[in-house]
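Working notes for the structure below.
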Amino acid sequence: MKEQSNIPTGKVERAGKFVTTGLKVGTNYIKHYTRKLMDPSISKESLHQDNAADIYNTLSNLKGSALKVAQMLSMDKGMLPKAYAEKFAMSQYSAPPLSGPLVVNTFLKTLGKSPAQLFDKFDMHASNAASIGQVHRAEKNGKQLAVKIQYPGVASSVKSDLRIVKPFAMRIVGMNEVDMDKYFEEIETKLLEETDYQLELRRSMDLSAACAHIPGLLFPGYYPEYSSERIITMDWLNGLHLKEFLQTKPSQEIRNKVGQALWDFYQFQVHKLRQVHADPHPGNFLMQPDGRVGIFDFGCVKVIPEDFYENYFLLVDKEVLKDTARRHQIYINLEMLHPSDTPKEVAFFSELFQHMIDLMTLPFTQETFDFGNESYFNEVYAYMDELYNMKEIRESKVARGSSHSLYINRTYFGLYSILSDLQANIITGQHRIQQLVDGRQPE
Amino acid sequence: MDKQQIRNAYKMYLLENGKEPVSVYMLCKTIDMPESEFYGFYSSLEAVERDIWLAVFEETLQQLQADETYPQYNAQEKLLSFYFLWVSRLREDRSYFLLQRDIFTVPLIYRNKLSAFKTAFYDYISALIKEGYASTEIKERKYISDQYVHGFWVQALFVLKYWLDDTSDNFELTDAAIEKAVNLSFQLIGSNTLDSLLDFGKFIFMKK
């Protein structure tokens with residue numbers, strides 16, 4: 001891996017980076033239209049690809065929270081043109097690492113000892129990069145360990161970063177500023193939480209313990225004595241990331257097993273623990289050849305408020321949805337409709353939401369669901385595209401959807417897209433979820 | 001009595017009184033030392049101040065050289081670990097060094113408090129640069145490479161200033177500043193960017 005030679009420092013420099021990107025994106029448009037003049041058959045796909053490459057390069061140079069935003073955006077494949085999504089997905093795997101002396105310095109500062117003193121073996125070269133830190137391999141008493149180290153000053157740059165990213169994100173996602181504010185606040189809180197490694201360590205240990213009984217999952221052990229506000233030490237997990245895992249051509253049975261384990265993991269968290277590992281990007285899971293899944297990185301955990309939970313999951317209930325008045329009330333509770341909406345708007349949006357919910361909750365309403373069913377995902381993406389291009393939605397001045405739904409939706413999107421990549425055919429019925437919640441072993 | 005005790009007494013005096021002792025006599029009084037003995041170690045109070053800066057630097061170097069991993073580092077990593085350690089050494093006496101902030105406001109010619117440290121730093125950096133040549137991390141350039149040392153001195157002052165002004169928890173931002181400053185400097189003197197820039201400059205000013 002190539003070590004990153006420099007990171008833009010101050011706000012001005014970071015902003016400068018974005019300006020350069022803006023210019024490049026502008027040039028890409030000019031190139032596109034010139035090419036189009038000469039060859040009218042050219043599609044926008046190549047333009048999107050150029051833009052995505054430039055935007056990605058900028059974001060990965062900025063590291064930290066900007067990269068996080070890239071990750072968030074890449075989760076919502078449907079919301080972005082395909083090329084953006086592909087390029088952004090790269091950020092889910094690796095960003096360039098930082099120097100050895102800084103790693104040593106972080107140890108000395110927060111644990112009082114150098115890695116050489118703490119561990120029997122410590123690899124100075126990062127084995128992979130997390131978006132706000134990097135992971136090193138270590139050994140202690142014959143045990144393989146993974147040591148995650150955070151870059152200095154991340155927390156303090158989160159706020160200023162987001163302020164810079166905001167206009168940029170607005171352009172990409174196509175939202176107006178009022179809409180963005182509500183969500184940005186939620187993202188900011190979550191990002192700041194993610195920089196708190198002590199909180200992450202606590203949550204990792206709690207959630208791993210709470211989910212340990214679910215079949216097919218594998219959690220690393222954590223070592224609080226080798227962890228600090230900028231370091232987390234856990235067992236080293238072997239396994240493959242989703243893409244590489246799929247390249248090994250696992251059998252349908254194994255893929256189903258992986259999919260089922262992930263599905264159970266999420267349903268149990270949402271319905272029983274009411275807090276959920278809200279970062280289901282493929283970099284956070286390591287697939288084992290036998291179909292078990294290693295899960296780590298509980299940096300981003302969404303705690304689900306009670307009233308939000310009730311309203312949100314009432315939408316899965318077919319009976320409730322038949323009652324129009326009740327349905328509207330739920331929409332209002334979830335801030336998808338506003339009391340100030342005109343009857344025309346109410347009718348328009350309820351119909352949209354109805355269709356979207358029918359689509360998204362389809363797996364819940366069936367006993368088993370085949371996520372390899374491409375026509376289902378094509379329908380979802382097509383509908384998202386349609387929504388995205390709808391004049392009424394783009395021009396809507398009010399934000400629709402509670403800020404809580406941001407991370408919950410993202411979680412489900414992430415889960416669905418992993419399941420879809422796995423083409424897993426799994427048991428999705430309420431019965432199994434109920435068994436999990438009751439603490440019984442599902443059949 | 002040794003030099004270190006005198007240095008400590010000097011720091012203590014400054015910290016407790018908020019200003020330098022007005023005379024050697026005043027300083028000696030705090031540690032019950034006859035003034036004549038003082039001159040066996042230092043010639044003046046300024047010499048003590050100079051030596052305080054130098055001592056931090058030398059202790060840092062000693063600690064680095066005692067470290068197992070340090071010799072395995074390349075020049076860039078060596079400089080990084082030097083700064084990290086230097087700053088953590090300075091930290092032990094932060095209050096004292098905060099009172100020394102005026103080194104950045106007085107005119108250059110009066111900055112002799114740092115002179116001994118500066119000479120030692122230049123020696124250290126020169127050796128490091130030579131190492132960089134050998135490992136091809138740093139590119140040797142006629143006339144210009146002689147100036148690198150001055151650049152690194154400015155960098156050291158920047159790190160010092162940044163750390164003195166840093167208000168972040170655990171001086172995290174200083175860590176980040178060091179990392180970025182060193183990376184940038186090595187990229188500049190290592191890659192071809194500088195050469196292309198010079199080449200272009202020469203071309204522009206070339207007589208037609």
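Going by the alpha-carbon gyration tensor, a ≥ b ≥ c the square roots of its eigenvalues, is region B:43-153 rounded (a/c under 1.5) or, if a/c is not under 1.5, prolate (a/b greater than b/c) versus oblate? Kindly include the intermediate steps, with their values, before the conclusion.
Numbers: a/c = 2.36, a/b = 1.42, b/c = 1.66.
Here region B:43-153 falls in the oblate category.
Provide the per-residue ³J(HN,Hα) series for region B:32-40, in order, calculated from phi with Karplus coefficients 6.51, -1.76, 1.60 and θ = phi - 60°, each as a whole number of Hz, with x at glycine and proline positions.
After applying 6.51 cos²θ - 1.76 cosθ + 1.60, I find 6, 10, x, 4, 4, 5, 3, 5, x Hz.
Please list, in chain and number order, the residues 5+ apart from residue A:275 or on another chain whose amide H is under 5 Å from its amide H, with Hs placed from the backbone.
Sorted by chain and number, the residues that satisfy this are A:304.
Which loop-located trypsin sites (Lys or Arg not before Pro) does region B:17-62 contain, where loop means any DSSP state but H, G, I, E or B and the Cβ has at most 10 other Cβ atoms within 10 Å?
Details: sites: B:19, B:29, B:50; in loops: B:19.
Passing both the DSSP loop test and the Cβ count: B:19.
Show me the three semi-axes of the equivalent ellipsoid for chain B, from the C-alpha gyration tensor (sqrt of 5 times each eigenvalue), largest first, rounded to whole Å. Each step should come with its number before you reach the end.
Values: eigenvalues 279, 71, 57 Å².
Ellipsoid semi-axes (Å, largest first): 37, 19, 17.
Arrange the following residues from fewest to most other Cβ atoms within 10 Å of their Cβ: A:277, A:271. If you can, show how the numbers build up before the last one.
On the way: A:277 26, A:271 17.
Arranged by neighbour count, lowest to highest, A:277, A:271 become A:271, A:277.
Once amide H atoms are placed 1.01 Å from N in the peptide plane, what residues at a sequence separation of 5 or more from residue B:168, or on another chain, have their amide H within under 5 Å of its amide H?
B:173
Across peptide B:163-176, how many C-beta atoms of other chains are within 10 Å of each residue C-beta, on average?
On the way: counts 0, 0, 0, 1, 1, 4, 5, 7, 3, 11, 5, 2, 10, 10.
The mean count of partner-chain Cβ atoms within 10 Å per residue comes to 4.
Per residue of region A:295-305, in order, report the coupling 6.51 cos²θ - 1.76 cosθ + 1.60 (Karplus, θ = phi - 60°) as ³J(HN,Hα) in whole Hz, putting x for Gly and Pro.
In residue order, the calculated couplings are 10, 8, 6, 9, x, 10, 10, 9, 8, 9, x Hz.
For region B:44-58 and region A:320-368, compute the distance between their C-alpha centroids and round to whole Å.
75
Taking chain B as the reference, fit the longest principal axis to its C-alpha atoms, fit the long axis of helix B:75-91 to the helix C-alpha atoms, and give the angle between the two in degrees, 0 to 90, nearest 10.
Roughly 20 degrees, rounded to the nearest 10.
Using a 10 Å cut-off on Cβ atoms, rank the peptides A:317-328, A:351-362, B:179-190 from the highest mean neighbour count down. Don't skip to the end; give the middle numbers.
Numbers: A:317-328: 12.4, A:351-362: 15.4, B:179-190: 19.2.
Result, highest mean Cβ count within 10 Å first: B:179-190, A:351-362, A:317-328.
With an 8 Å cut-off on Cα pairs and a minimum separation of 6 or more residues, tell me the relative contact order of region A:238-443 in percent. Please report the intermediate quantities before stating the final value.
On the way: 225 pairs, mean separation 62.6, N = 206.
Reported relative contact order: 30 percent.
Using amide H atoms built 1.01 Å from N in the peptide plane, name the residues 5+ places from residue A:136, or on other chains, whose amide H lies under 5 Å from its own.
A:127, A:147, A:148, A:149
Please sort by residue number the chymotrypsin sites (Phe, Trp or Tyr not before Pro) in region A:204-301 whose DSSP state is loop and whose Cβ has at most 13 other Cβ atoms within 10 Å.
On the way: sites: A:222, A:226, A:236, A:245, A:263, A:265, A:266, A:268, A:285, A:296, A:298; in loops: A:236, A:296, A:298.
The qualifying sites: there are none.
Over region B:71-205, what relative contact order in percent results from Cα pairs under 8 Å that are six or more residues apart?
Working: 64 pairs, mean separation 46.8, N = 135.
Across region B:71-205, relative contact order equals 35 percent.
Provide a whole-number value for the mean count of partner chain Cβ atoms within 10 Å of the Cβ atoms in peptide B:70-82. Don't skip to the end; give the middle numbers.
Working: counts 2, 0, 2, 5, 1, 0, 5, 6, 1, 1, 7, 6, 1.
Going residue by residue through B:70-82 and averaging, the value is 3.
Relative contact order for region B:1-58: what percent, with Cα pairs under 8 Å and sequence separation of 6 or more? Can you show the working numbers first?
Numbers: 33 pairs, mean separation 20.2, N = 58.
Taking the mean separation of contacting Cα pairs over the length of region B:1-58, I get 35 percent.
Compute the long axis of helix B:3-17 from its Cα atoms, compare it with the longest principal axis of the Cα atoms of chain B, and write down the angle in degrees, 0 to 90, nearest 10.
Its long axis makes an angle of about 80 degrees.
Answer rounded, prolate or oblate for region A:238-443, using the Cα gyration tensor with square roots of eigenvalues a ≥ b ≥ c: rounded when a/c is under 1.5, else prolate when a/b is larger than b/c, else oblate. Could you put the intermediate results ahead of the total?
On the way: a/c = 1.94, a/b = 1.68, b/c = 1.16.
Cα axes put region A:238-443 in the prolate bin.
Please determine, in degrees from 0 to 90 and to the nearest 10, the orientation of helix B:172-190 with respect to the longest principal axis defined by the Cα atoms of chain B, where the helix direction is its Cα long axis.
Taking Cα atoms only, the helix is inclined about 40 degrees.
For region B:119-208, rounded, prolate or oblate, judged on the Cα gyration tensor with a ≥ b ≥ c (square roots of eigenvalues), a/c < 1.5 rounded, else prolate if a/b > b/c?
Numbers: a/c = 2.37, a/b = 1.74, b/c = 1.37.
Prolate, because a/c is 1.5 or more and a/b exceeds b/c.
A short reminder: the numbers here are calculations on the coordinates, not readings from a lab. Computed from a predicted structure; not experimentally measured. Here Cβ is always computed from backbone atoms with ideal geometry, including for glycine, and neighbour counts include all displayed protein chains.
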